[in-house]
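The values are calculated or read from the model by the stated rules, or taken from the named source; none is laboratory data. These numbers come from a predicted model, not from an experiment. Here Cβ is always computed from backbone atoms with ideal geometry, including for glycine, and neighbour counts include all displayed protein chains.
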(Lines give C-alpha, C1' and ligand atoms only; values in the text may rest on other atoms or scores of the structure.)
Protein backbone atom coordinates (compact mmCIF):
# COMPACT_ATOMS: atom_id res chain seq x y z
CA UNK A 1 0.00 0.00 0.00
CA UNK A 2 1.24 3.38 -0.77
CA UNK A 3 1.67 6.24 1.67
CA UNK A 4 -1.23 8.29 0.28
CA UNK A 5 -3.71 5.41 0.70
CA UNK A 6 -2.68 4.82 4.35
CA UNK A 7 -3.06 8.52 5.19
CA UNK A 8 -6.51 8.64 3.57
CA UNK A 9 -7.75 5.62 5.55
CA UNK A 10 -6.30 7.03 8.78
CA UNK A 11 -7.95 10.41 8.10
CA UNK A 12 -11.34 8.80 7.39
CA UNK A 13 -11.24 6.63 10.53
CA UNK A 14 -10.25 9.64 12.66
CA UNK A 15 -13.02 11.71 11.11
CA UNK A 16 -15.67 9.03 11.76
CA UNK A 17 -14.61 8.40 15.38
CA UNK A 18 -14.22 12.05 16.35
CA UNK A 19 -17.16 13.28 14.31
CA UNK A 20 -19.73 11.29 16.27
CA UNK A 21 -22.19 13.73 17.80
CA UNK A 22 -23.45 11.38 20.50
CA UNK A 23 -22.76 12.56 24.02
CA UNK A 24 -24.46 11.04 27.04
CA UNK A 25 -26.91 13.27 28.90
CA UNK A 26 -25.94 11.95 32.32
CA UNK A 27 -22.59 11.13 33.85
CA UNK A 28 -21.83 7.43 33.96
CA UNK A 29 -20.18 7.71 37.38
CA UNK A 30 -23.02 8.95 39.54
CA UNK A 31 -22.11 10.69 42.79
CA UNK A 32 -24.68 8.72 44.77
CA UNK A 33 -23.33 5.35 43.68
CA UNK A 34 -20.02 5.90 45.49
CA UNK A 35 -21.48 6.86 48.90
CA UNK A 36 -23.90 5.02 51.14
CA UNK A 37 -27.05 6.97 52.01
CA UNK A 38 -28.64 6.24 55.37
CA UNK A 39 -32.37 5.94 54.68
CA UNK A 40 -34.95 6.39 57.45
CA UNK A 41 -38.64 5.82 56.65
CA UNK A 42 -41.24 6.82 59.23
CA UNK A 43 -44.99 6.40 59.43
CA UNK A 44 -47.54 7.14 62.15
CA UNK A 45 -49.84 4.27 61.27
CA UNK A 46 -49.24 0.71 60.22
CA UNK A 47 -50.12 0.87 56.52
CA UNK A 48 -49.73 -2.69 55.25
CA UNK A 49 -46.04 -2.98 54.35
CA UNK A 50 -45.59 0.50 52.84
CA UNK A 51 -42.71 1.48 55.12
CA UNK A 52 -40.61 -1.60 54.36
CA UNK A 53 -41.48 -1.47 50.66
CA UNK A 54 -40.49 2.19 50.29
CA UNK A 55 -37.26 1.65 52.25
CA UNK A 56 -36.35 -1.40 50.16
CA UNK A 57 -36.92 0.43 46.87
CA UNK A 58 -34.99 3.53 47.99
CA UNK A 59 -32.05 1.45 49.19
CA UNK A 60 -31.93 -0.63 46.02
CA UNK A 61 -31.96 2.46 43.80
CA UNK A 62 -29.69 4.77 45.82
CA UNK A 63 -27.18 2.42 47.50
CA UNK A 64 -24.76 -0.06 46.00
CA UNK A 65 -22.76 -2.80 47.69
CA UNK A 66 -19.46 -1.05 46.97
CA UNK A 67 -20.58 2.26 48.49
CA UNK A 68 -18.37 3.98 51.04
CA UNK A 69 -19.82 5.05 54.41
CA UNK A 70 -20.91 8.68 54.54
CA UNK A 71 -22.99 11.20 56.47
CA UNK A 72 -25.65 11.39 53.75
CA UNK A 73 -29.11 10.80 55.19
CA UNK A 74 -32.57 10.67 53.63
CA UNK A 75 -35.51 10.95 56.03
CA UNK A 76 -38.90 10.02 54.59
CA UNK A 77 -42.26 10.39 56.33
CA UNK A 78 -45.32 8.61 54.94
CA UNK A 79 -48.92 9.65 55.55
CA UNK A 80 -51.85 7.81 53.99
CA UNK A 81 -55.41 9.05 53.65
CA UNK A 82 -58.56 7.41 52.35
CA UNK A 83 -61.72 9.03 51.07
CA UNK A 84 -64.84 8.09 49.16
CA UNK A 85 -64.98 8.91 45.49
CA UNK A 86 -68.73 9.31 45.46
CA UNK A 87 -69.02 7.13 42.38
CA UNK A 88 -71.05 3.95 42.46
CA UNK A 89 -70.53 1.43 39.68
CA UNK A 90 -73.68 -0.39 40.71
CA UNK A 91 -75.66 -1.03 43.88
CA UNK A 92 -72.92 -3.17 45.43
CA UNK A 93 -69.70 -1.51 44.26
CA UNK A 94 -68.35 1.95 45.03
CA UNK A 95 -64.98 3.66 44.63
CA UNK A 96 -62.46 4.75 47.23
CA UNK A 97 -59.49 7.03 46.77
CA UNK A 98 -56.13 6.37 48.41
CA UNK A 99 -53.76 9.33 48.87
CA UNK A 100 -50.11 8.86 49.84
CA UNK A 101 -48.21 11.94 51.02
CA UNK A 102 -44.45 11.61 51.32
CA UNK A 103 -42.39 14.30 53.05
CA UNK A 104 -38.64 13.98 52.57
CA UNK A 105 -35.50 15.68 53.82
CA UNK A 106 -32.03 15.01 52.43
CA UNK A 107 -29.06 15.82 54.68
CA UNK A 108 -25.30 15.77 54.29
CA UNK A 109 -22.45 16.48 56.73
CA UNK A 110 -23.14 20.24 56.73
CA UNK A 111 -26.91 20.07 57.11
CA UNK A 112 -30.09 20.12 55.05
CA UNK A 113 -29.61 19.84 51.30
CA UNK A 114 -33.22 19.68 50.19
CA UNK A 115 -36.68 18.86 51.39
CA UNK A 116 -40.08 18.58 49.82
CA UNK A 117 -43.35 16.77 49.53
CA UNK A 118 -44.70 14.26 47.02
CA UNK A 119 -48.34 13.33 46.81
CA UNK A 120 -49.83 10.46 44.81
CA UNK A 121 -53.39 9.26 44.39
CA UNK A 122 -55.05 6.09 43.20
CA UNK A 123 -58.48 4.55 43.38
CA UNK A 124 -59.87 1.10 44.06
CA UNK A 125 -63.28 -0.52 44.32
CA UNK A 126 -65.13 -1.72 47.41
CA UNK A 127 -67.61 -4.57 47.02
CA UNK A 128 -69.62 -6.76 49.34
CA UNK A 129 -66.76 -9.33 49.45
CA UNK A 130 -64.51 -8.59 52.45
CA UNK A 131 -61.50 -10.55 51.15
CA UNK A 132 -61.71 -8.80 47.79
CA UNK A 133 -61.73 -5.43 49.55
CA UNK A 134 -58.60 -6.25 51.53
CA UNK A 135 -56.72 -7.50 48.46
CA UNK A 136 -57.77 -4.53 46.35
CA UNK A 137 -56.74 -2.05 49.04
CA UNK A 138 -53.35 -3.74 49.55
CA UNK A 139 -52.71 -3.85 45.81
CA UNK A 140 -53.56 -0.17 45.35
CA UNK A 141 -51.41 0.75 48.35
CA UNK A 142 -48.46 -1.31 47.08
CA UNK A 143 -48.59 0.19 43.59
CA UNK A 144 -48.89 3.68 45.03
CA UNK A 145 -45.89 3.19 47.34
CA UNK A 146 -43.84 1.76 44.46
CA UNK A 147 -44.64 4.65 42.15
CA UNK A 148 -44.05 7.31 44.79
CA UNK A 149 -40.70 5.87 45.89
CA UNK A 150 -39.47 5.67 42.28
CA UNK A 151 -40.49 9.29 41.78
CA UNK A 152 -38.62 10.24 44.95
CA UNK A 153 -35.45 8.49 43.76
CA UNK A 154 -35.63 10.31 40.43
CA UNK A 155 -36.19 13.60 42.22
CA UNK A 156 -33.18 13.11 44.53
CA UNK A 157 -30.84 11.96 41.74
CA UNK A 158 -31.81 14.70 39.30
CA UNK A 159 -31.66 17.49 41.89
CA UNK A 160 -29.07 20.22 41.37
CA UNK A 161 -28.15 21.46 44.83
CA UNK A 162 -27.21 25.06 45.64
CA UNK A 163 -23.98 24.03 47.30
CA UNK A 164 -21.46 21.24 46.95
CA UNK A 165 -22.40 18.02 48.76
CA UNK A 166 -20.14 17.10 51.68
CA UNK A 167 -20.48 13.35 52.17
Across segment 44-65, which residue is nearest to the chain's Cα centre (by Cα) among those that are loosely packed, with under 11 Cβ neighbours inside 10 Å and without any contact (Cβ under 8 Å) to a residue 24 or more places away in the chain?
65
Scanning segment 61-100 for residues that are assigned to a strand (DSSP E or B) and in contact with a helix residue (DSSP H, G or I) (Cβ under 9 Å, 6 or more places away or on another chain) gives 68, 74, 76, 78, 80, 82, 96, 98, 99, 100
Of all residues in segment 94-106 being surrounded by 17 or more Cβ atoms within 10 Å (Cβ to Cβ) and within 17 Å of the chain's Cα centre (by Cα), the one that is nearest to residue 125 (Cα to Cα):
100
Does residue 148 count as without any contact (Cβ under 8 Å) to a residue 60 or more places away in the chain and either under 27 Å from residue 46 (Cα atoms) or within 17 Å of the chain's Cα centre (by Cα) (or both)?
no
Scanning segment 108-122 residue by residue, the ones that are modelled with pLDDT under 90 and either out of contact with any strand residue (DSSP E or B) (no Cβ under 9 Å at 6 or more places or on another chain) or surrounded by 12 or more Cβ atoms within 10 Å (Cβ to Cβ) (or both) total 6
